[in-house]
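Accompanying notes for the structure given below.
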Amino acid sequence: MKKSTSLLTVILVILTSCNNQPENIRLTPDLSISIPRKYKLIVNDSVKYLRSWQTSIDDDQFAIFIYTIKQPGSSGNYNKKQAFKNNIEAFIQTFDFRNLDSTFIYKEDLIQSDLIFDFGENDNKNRFFGRFISQKDYFIAICYQMPYPLDRYSKKIKDQLFASIEIK
């Protein structure tokens, strides 16, 4: 009986692993990421103003949102930075968050911010990890949320996803 239970466990692990094998996708001409194959692509309009990839891994949620942005008059560096911050604030305003930790990077055509915060949802505690990138005509939000306290498996998956981001 133990052998068949062990074999069944191994088969389930292999099948689950096959579904979650990463797939490298190009988000923009200059940015790619490896995400689990089990994702749902949502295109919200025909001109691709917004594209998103969404999936869940156990109790964790992972999503990427890409907005095409072409803001007239925002060619100045200050205007780009301010527009970037405004986009992030609009994105996270729906959360009742605590313990916000953020970093910003400004480099040539790239503006990036990493955010971490805790939030409650239906009496559950969660932690949000986000990488927001503004590059050329795109605003990209890469989001991962998991129940708190964090477990090692969730942290490992989140770290792999964020480490796979490749910017040219």
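The values are calculated or read from the model by the stated rules, or taken from the named source; none is laboratory data. The model shown is predicted, which means the values in this text are computed figures rather than measured ones. Cβ atoms come from the backbone with ideal geometry, glycine included; neighbour counts cover every protein chain shown.
Observations
- Qualifying positions in region 106-129 - free of Cβ contacts under 8 Å to residues at least 12 places away in the same chain and under 18 Å from residue 147 (Cβ atoms): 121, 122, 123
- Test: residue in region 55-63 that is outside any helix (DSSP H, G or I), touching a Pro at 6+ places or on another chain (Cβ under 6 Å) and at pLDDT below 85: yes
- Of the strands (runs of 3 or more DSSP E) that lie entirely inside region 71-162, those containing 1 or more residues that are polar (S, T, N, Q) and surrounded by fewer than 15 Cβ atoms within 10 Å (Cβ to Cβ) span 97-107, 124-135.
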